[in-house]
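One structure is given here, and the rest of the page talks about it.
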Amino acid sequence: MCSNNWAKPRLKATELDITGQVLPGFNVNVNGAITDAKITKESPNVVAGKETVGNITPNTAKYIFNSWLQYNAQKGFLKNFGVQGGAQWQAERTVGTSGVSNIPNYFRLDGGINYHTGKLSIGFLVNNLLDDHQLLTSASMSATLYTYIVEARRNFRSTITYRF
């Protein structure tokens, strides 16, 4: 939603989502998007020399890809055990009202293992497998202030679930 006090964006985008069970026990969730977001109308409050029409809409990524794959063994020695993994990628990201991408691309891998039996589930997940300490999930800037939100370094999460 845009008000009359803000520059108006134009958004052209294509998105594809694929979700389902490919083989018994093998589930996929993959999506990607290409977004071309540009400012089409100047704010009436724009300062002379700071025109933004044609610039990329702030805090957008042109390319986004996410995937999550999970496999749970259906029989044999590893029955009820599973592995899972995911990737996130964002490219041509922009902060502020720039005419060009100005924040590094983002790539992250996660992975884990799990075990299910009856009503009990146990899982262990590792986030940011590559331990990239420079991942910026977000940033913003004004005339005098720059703000960056940095992704956590490699971290772990374990879960124990019991269904009643």
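Applying the Karplus relation 6.51 cos²θ - 1.76 cosθ + 1.60 with θ = phi - 60° to region 78-86 yields 3J(HN,Hα) values of 8, 3, 6, 8, x, 10, 8, x, x Hz, where x marks Gly and Pro. Would you please classify the overall shape of region 42-105 from the alpha carbon gyration tensor, given that a ≥ b ≥ c denote the square roots of the eigenvalues, rounded means a/c under 1.5, and beyond that prolate means a/b larger than b/c while oblate covers the rest? Prolate is the answer for region 42-105, as a/c is 1.5 or above and a/b outweighs b/c.
Express in Å², to the nearest 10, the accessible area of Tyr71 obtained by rolling a 1.4 Å probe over the protein heavy atoms while all chains stay in place. Counting only protein heavy atoms, Tyr71 exposes about 100 Å² to solvent. The H on the amide N of Leu135, modeled in the peptide plane, is under 5 Å from the matching H of Glu151, each at least 5 residues off or on a different chain. Around Gly85, under 15 Å between beta carbons, what's the net of Lys plus Arg minus Asp minus Glu among the other residues? Summing Lys and Arg as +1 and Asp and Glu as -1 gives +2.
Working from Cα pairs under 8 Å separated by at least six residues, relative contact order for region 8-125 is 20 percent.
When Lys75, Lys62, Lys12 are compared by accessible area of protein heavy atoms, the largest-first order is Lys75, Lys12, Lys62, using a 1.4 Å probe.
Given R₀ = 22 Å, what would the calculated FRET efficiency be for Thr117 paired with Asn29, taking r from the Cβ atoms and rounding to 0.05?
Numbers: r = 24 Å, r/R0 = 1.09.
FRET efficiency, Thr117 to Asn29: 0.40.
Charged neighbours of Ser121, selected by a Cβ distance under 15 Å, balance to +4 (K, R count +1; D, E count -1).
The values are calculated or read from the model by the stated rules, or taken from the named source; none is laboratory data. None of the values given here were measured: they were computed from a predicted structure. Glycine also receives a Cβ, built like all others from the backbone with ideal geometry; neighbour counts cover every protein chain displayed. What goes into the accessible areas is simple: the full protein's heavy atoms, side chains included, and nothing from ligands, DNA or RNA. Shrake-Rupley method; radii C 1.70, N 1.55, O 1.52, S 1.80 Å.
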